[in-house]
């Protein structure tokens, strides 16, 4: 009888161990993108580069340079490095235009494109600055994603490092795009020249 009980106990123990082994270690809870702050499907109206609403985000300022390593000492490049953002933002394209009144669908009017790279959920944790036509996405690609247009700084000194166009995406988030201001535009033929400020001496005629 004792031997039978011992055998039965051994069988029960082995069965319990087998059952426990199939359930150990316990599976971790399934992680979802929505459970991570700033992640999850982006609101349809979220502009590119804008912080996700309703998520704690102190805002940040990010500089994008036409330099390798995204640093002032890097070598000049028309295809900027992919940089990691301090916080997730809306994905899409921000097109910096030489003249905001020109046709936005004409890539000849584009100065730079800042690409907020989609993570698959409509958000971006990485961005890349593209600075010449050969590196630009097509108009079709831009129009198929969230996108926006801003005027490039017109009052700079024509230097890719010193001239900065600032995109205020809201929520304390600023994107600073380093790119040379375009040269002053010649007036359209037939356009009256601006009147001089009262009290301003006229230039002396050339001798």
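Taken together, the values in this text are just the output of simple stated rules run on the coordinates, not laboratory data. Computed from a predicted structure; not experimentally measured. Here Cβ is always computed from backbone atoms with ideal geometry, including for glycine, and neighbour counts include all displayed protein chains.
Listing for the model above:
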read-out	value
Mean-position separation - Cα centroids, the stretch 71-130 and the stretch 133-184, in angstrom	7 Å
Order of 152, 107 - criterion: other Cβ atoms within 10 Å of each residue's Cβ, fewest first	107, 152
Pairwise label distance in nanometres, residue 166 with residue 132, each label 7 Å out on the Cα-Cβ vector	3.0 nm
Kirkwood hydrodynamic radius (C-alpha pairs) into Stokes-Einstein, the stretch 53-109, 4 °C and 1.567 mPa s, D in µm²/s	91 µm²/s
The stretch 93-157: relative contact order as a whole-number percent, Cα under 8 Å and 6+ apart	41 percent
Inter-probe distance in nm under a simple model that places probes 7 Å from Cα toward Cβ, at residue 75 and residue 140	3.4 nm
Percentage of interatomic Cα-Cα distances in the stretch 96-192 larger than 22 Å	33 percent
